[in-house]
Structure formats: structure tokens, C-alpha cells
Amino acid sequence: QKNCKPQPGDLIEIDRTHHQHWALYMGHGYVIHLTPADENSPPMSVSSVTLLTREAKVKKELLRNAAGNANWCVNNKYDQYRNPFPAEEIIRRAERQIGRVVVYRLLYKNCEHFVTELRYGEGISEQV
């Protein structure tokens, strides 16, 4: 069920060492995803339990930069339970978020909630 030819609006699952990071594919090689608002802090992860709440910035960047050396694949795993918005609508919703600083809460508003909210209108995560 995983393929690696992303279409605009697809959810991208990036395998980081101890957790999955999620991004939303925007087209032309770009994704948007949550990054630490403080550039010097370590990448967001489920393992950093001390950081249950912090600020995150919505960033648009090339998928290859967002993923680094990590493997990634398209994973629209909730499509069987939820109807995604049309791709243009997902992209419109995503564009409005770029540059925003949001409160990142591991259990309620993690990176997977962020992208599923854009795709389906509802934040969903199995990570917690």
C-alpha cells in the first residue's frame, strides 16, 4: 500500500530513527511539515517525552531536505476510513499554514495530526 510517486495532497511518512515524521506533499518536490520553532532544538520526536508541549513552525521545503537521509513513502493510510479533500483544496489549506507557529503537543497536536487535519479536515494519529 506504500508507493513512492507522491501526488499533491499525499501524506508522506518519513522514517526517522525512533519515530515517524509526517509531511504533506505539495507538488514539484515540496512538502510542508512541522519543524521546531527554535532552529537550534533537536528534531521533534515521540521519544523526547520531556517536550510534551513546545512551539513548532509550519515550513515548506523540498522533500529531500525534510527527509534528509531517511527513507520515506507515500502513506495515505486513513483513506479507507476518511474521505480526503480534493487535492487542490488540500494544497489551499496547506498554503494558508506556511510560516505559522503552532503549539505542538505530542499527544494532541503532533506532526501526524497536522497533516491529517489538512488532508481530511480532522487530526488523526496512531502514534500515541
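The values are calculated or read from the model by the stated rules, or taken from the named source; none is laboratory data. Small disclaimer: the values here were computed from a predicted structure and weren't measured. Positions of Cβ are backbone-derived with ideal geometry, glycine not excepted, and every protein chain shown enters the neighbour counts. Surface accessibility is based on the protein's heavy atoms, side chains included, excluding ligands, DNA and RNA. Shrake-Rupley method; radii C 1.70, N 1.55, O 1.52, S 1.80 Å.
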So for each of 96-105, 9-18 I average, over its residues, the number of other beta carbons within 10 Å; can you give me the resulting order with the highest mean first?
9-18, 96-105
Using unit Cβ charges (K, R positive; D, E negative) and no other charged atoms, how large, in debye to the nearest 20, is the dipole of region 60-127 about its Cα centre?
200
Could you give me the ³J(HN,Hα) list for region 54-65, computed from phi with Karplus coefficients 6.51, -1.76, 1.60 and θ = phi - 60°, whole Hz, x at Gly and Pro?
7, 8, 10, 10, 7, 10, 9, 7, 5, 4, 5, 6
Can you give the net charge of the other residues whose Cβ lies under 10 Å from the Cβ of HIS21, counting K and R as +1 and D and E as -1?
-2
Accessible area (Å², 1.4 Å probe, nearest 10) - LEU63:
10
Hey, what's region 69-128 come to in accessible area per residue, 1.4 Å probe, Å²?
58
Sorted by accessible area with a 1.4 angstrom probe, largest first, how do CYS111, CYS4, CYS73 fall?
CYS4, CYS73, CYS111
Report the net charge of residues surrounding ILE91, where surrounding means a beta-carbon distance below 12 angstrom and charges are Lys +1, Arg +1, Asp -1, Glu -1.
+1
Quick one: order ARG82, ARG92 from most to least accessible surface, probe 1.4 Å.
ARG92, ARG82
